[in-house]
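The values are calculated or read from the model by the stated rules, or taken from the named source; none is laboratory data. Everything numeric here is computed off the predicted structure, so don't read it as measured data. Cβ coordinates were reconstructed from backbone atoms using ideal geometry, including for glycine residues, and neighbour counts include every protein chain displayed.
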Amino acid sequence: MKYIKTYESINKGTPKIGDWVICYEADSIADFMPRVIFTRNNIGQITETGGNSPYTYVNYFNVPKEILYNIKQKYIGFDISDGKFERGMLENEIIYWSKNKEDLEAILSAKKYNL
């Protein structure tokens with residue numbers, strides 16, 4: 001029953017502050033950039049939504065130093081501090097969201113092993 005229960009709370013309602021997310025950046029030019037690969041294969045947490053901005057801000061933790069350095073040197077608009085960075089995502093770039101991080105970890109595991 002654990003398998004069925006795992007997916008019951010994914011994508012319920014709309015993403016809210018504090019929810020955990022898996023995003024897919026829609027940037028075909030940068031598909032192979034380390035930053036884009038990282039955001040597609042890791043779970044982030046929503047820190048800010050709505051307002052006057054079309055972006056939902058997602059915080060990523062335990063980001064490798066190489067990616068942080070790359071972001072810091074080449075991109076403006078990224079908040080980088082203490083091994084984490086915050087990225088603004090459009091609504092259509094947020095693929096999965098849940099209040100429980102474990103729900104999304106199951107999705108990443110399945111993706112990793114092509115299940």
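A compact table of results
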| quantity | calculated |
| --- | --- |
| Residue match in region 38-53 (condition: assigned to a loop (DSSP other than H, G, I, E, B), within 17 Å of Tyr96 (Cα to Cα), modelled with pLDDT under 85 and under 10 Å from the mean Cα position of the chain (by Cα)) | no |
| Complete set of residues in region 92-115 that are surrounded by fewer than 12 Cβ atoms within 10 Å (Cβ to Cβ) and either within 12 Å of Tyr24 (Cα to Cα) or acidic (Asp, Glu) (or both) | Asn92, Glu102 |
| In region 54-67, the residues that are in contact with a helix residue (DSSP H, G or I) (Cβ under 7 Å, 6 or more places away or on another chain) and in a loop (DSSP other than H, G, I, E, B) | Val63 |
| Every residue from region 1-36 that is under 23 Å from Ile67 (Cβ atoms), assigned to a helix (DSSP H, G or I) and either of a type in the set (Val, Ile, Thr) or at pLDDT 90 or above (or both) | Ile29, Val36 |
